[in-house]
1. As a check on your grasp of the helix formula, calculate [θ] at 222 nm for the chain: sum -39500 (n - 2.57) over DSSP H runs of n ≥ 4, divide by the residue count, round to the nearest 500.
2. Going by how many other Cβ atoms sit within 10 Å of their own, how do D21, D15 line up, fewest first?
3. Just to confirm the number: angle between the C-alpha axis of helix 72-81 and the first principal axis of the chain, 0 to 90 degrees, nearest 10?
4. Taking other Cβ within 10 Å of each residue's Cβ, how do W18, W24 sort, fewest first?
5. Past 24 Å, Cα to Cα: identify those pairs from K22/K72; K32/K71; K32/K66, in the order given.
6. Taking the number of other C-beta atoms within 10 Å as the exposure measure, put S56, S81 in order starting with the fewest.
7. For region 10-104, what is the per residue volume of the convex hull drawn over the alpha-carbon atoms, in cubic angstrom?
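A short reminder: the numbers here are calculations on the coordinates, not readings from a lab. On a predicted model such as this, the values are computed, not experimentally measured, just so you know. Glycine also receives a Cβ, built like all others from the backbone with ideal geometry; neighbour counts cover every protein chain displayed.
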Amino acid sequence: MELTRKSPRDFVFIDELWPADKDWPSVYPGNKVWVFMDEYWATLPGDQDYRRLIISGGEGEGWIFKRRLNKKVEVSEILLSIQTPIREKQLRALGFRRWRQLDEM
């Protein structure tokens, strides 16, 4: 019997709470929002690779900016352009779209 090796496919770069403005419908303690950036290398048939940036005030909803890996630099540049406290209006202007956790599953 031959063993197969499974190489890592998921990478988390940021998983932090950042300051938010007062206009978010929900926030974490200390008036913060969750900032999460990850990357997925597709190795299974039908999968698509991506790098995404999710910003959420909780309850499984927030904003997402997602690109295929050949455009991952764009996601990193967007991250660097986010100013704190984070405003939803700013995210919309940067090209984020509404995100719901259930939509990603």
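1. Details: 2 runs with 17 residues, N = 105.
One gets -4500 deg cm²/dmol as the mean residue ellipticity at 222 nm.
2. Details: D21 15, D15 11.
Final ranking by Cβ density, sparse to dense: D15, D21.
3. Approximately 20 degrees, to the nearest ten.
4. Details: W18 15, W24 20.
Placing the least packed residue first, the sequence is W18, W24.
5. On the way: K22/K72 30 Å; K32/K71 28 Å; K32/K66 22 Å.
Too far apart for the 24 Å limit: K22/K72; K32/K71.
6. Values: S56 21, S81 10.
In increasing order of surrounding Cβ atoms, one gets S81, S56.
7. Values: hull volume 9.0 nm³, N = 95.
Convex hull of Cα atoms, per residue: 94 Å³.
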